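A quick write-up on the structure given underneath.
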Amino acid sequence: MRVLVTRSPEDAGRTAEKLAALGHAACLAPVTRIVATGDPRPETSSDALIVTSAHAVEALAGLDRTRPVFAVGVHTADAVRAQGFARVSVADGDAVSLARLIRETLPPGRALLHVTGRHHKDEPAASLKAAGFRVLVWEAYEAKAVEALPEAAAAALRTGQIGAALHYSRRSADLVVRLAEEAGLASNLRAVSHLCLSADVAAPLVAAGAAARVAGNPSEDALLGLLGPPP
């Protein structure tokens, strides 16, 4: 099966390798690219770091590596450790488990620096603030949208070559819908089987009339499992 992968280039290559191991071919068509925002880091000191994406690791270069880090999942944790941080606690891949891990590890009142992207969600900061933590948000990077659907994806959709599409974030799913509509490929996109990391990610696709399936848990292995056994 040919599978549409619209993740940023930094992530798409790893996904393509996993798809190849399962006997599928990836059609790489990133709808975003990761760029630094240039926003200054908050001057207020913090007791620990929160990292919800491996895209944040370049921003960690100037931070104290002795501080504890709470990472959203295994991949993010590995990227943080590669930057020289040793005290890394790992959640189960989602904001709910991340907030729970922090609440179970640290007492309320501690200051937490969340190194995140421009279009970040309210969680885990909202839950942590409600639990008595001080959360400082540093929007260190941005997933900048491309201006048009990459030609490889447009051509494959137009000719019916895409059997499934993988979606990892609500924003990228929303961009895929918009870019497909602008390219006159809305009906072609609806004909594809859309596999999503969560119900929130699936929402823009469902609203556009596409059929979407949601992984049993927010991990790439669970998402790829929706493709079924290797051919």
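The values are calculated or read from the model by the stated rules, or taken from the named source; none is laboratory data. No experiment lies behind these values; they were computed from the predicted model shown. Cβ coordinates were reconstructed from backbone atoms using ideal geometry, including for glycine residues, and neighbour counts include every protein chain displayed. Just the protein is used for accessible areas: all its heavy atoms, side chains included, with ligands, DNA and RNA removed. Shrake-Rupley method; radii C 1.70, N 1.55, O 1.52, S 1.80 Å.
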Solvent-accessible area of T66 with every protein chain in place, 1.4 Å probe, in Å² to the nearest 10: 90
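Residue separation times 0.36 nm, minus the C-alpha to C-alpha distance between E181 and A82: what's the value?
Gain in length upon complete extension: 31.6 nm.
How much of the accessible area of region 137-209, in percent, comes from carbon and sulfur atoms when a 1.4 Å probe is used?
That share works out to 51 percent.
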Percent accessible area from carbon and sulfur atoms, region 32-133, protein chains only, probe 1.4 Å: 48
Cα-projected label distance for S89 with R2, points at 7 Å along beta-carbon direction, nm: 4.7
Summed side-chain charge close to S46 - residues other than S46 whose Cβ falls under 11 Å, Lys, Arg +1, Asp, Glu -1: +1
Other-chain or far-sequence residues with amide H under 5 Å of V137's (modelled H): H114
FRET efficiency, 1/(1 + (r/R0)^6) with R0 30 Å, evaluated for E139 and A191 via beta carbons: 0.25
R158/R118 FRET efficiency (R0 25 Å; Cβ-Cβ; nearest 0.05): 0.20
Table column - 3J(HN,Hα) (Hz), region 51-61, Karplus curve with 6.51, -1.76, 1.60, x for Gly and Pro: 10, 10, 7, 5, 5, 7, 5, 5, 6, 7, 4
Integer Hz, Karplus 6.51/-1.76/1.60 couplings in order for region 77-91, x for Gly and Pro: 4, 4, 5, 5, 4, 5, 8, x, 8, 9, 9, 10, 9, 10, 8
Region 156-216-region 108-138 distance, computed between alpha-carbon centres (Å): 30
Estimated inter-spin distance, R14 and A36, nm [label 7 Å along Cα→Cβ]: 2.1
Amide N of region 71-109 lying under 14 Å from the label point, which is placed 7 angstrom from the Cα of A61 along Cα→Cβ: 83-84
Sorted peptide list for 81-88, 49-56, 30-37, 137-144, criterion being average Cβ within 10 angstrom, highest first: 49-56, 137-144, 30-37, 81-88
Calculated FRET efficiency for the pair E43/A207, C-beta based, R₀ 35 Å, to 0.05: 0.30
Rounded to whole Å, sorted largest first: equivalent-ellipsoid semi-axes of the chain, Cα gyration tensor: 34, 18, 16
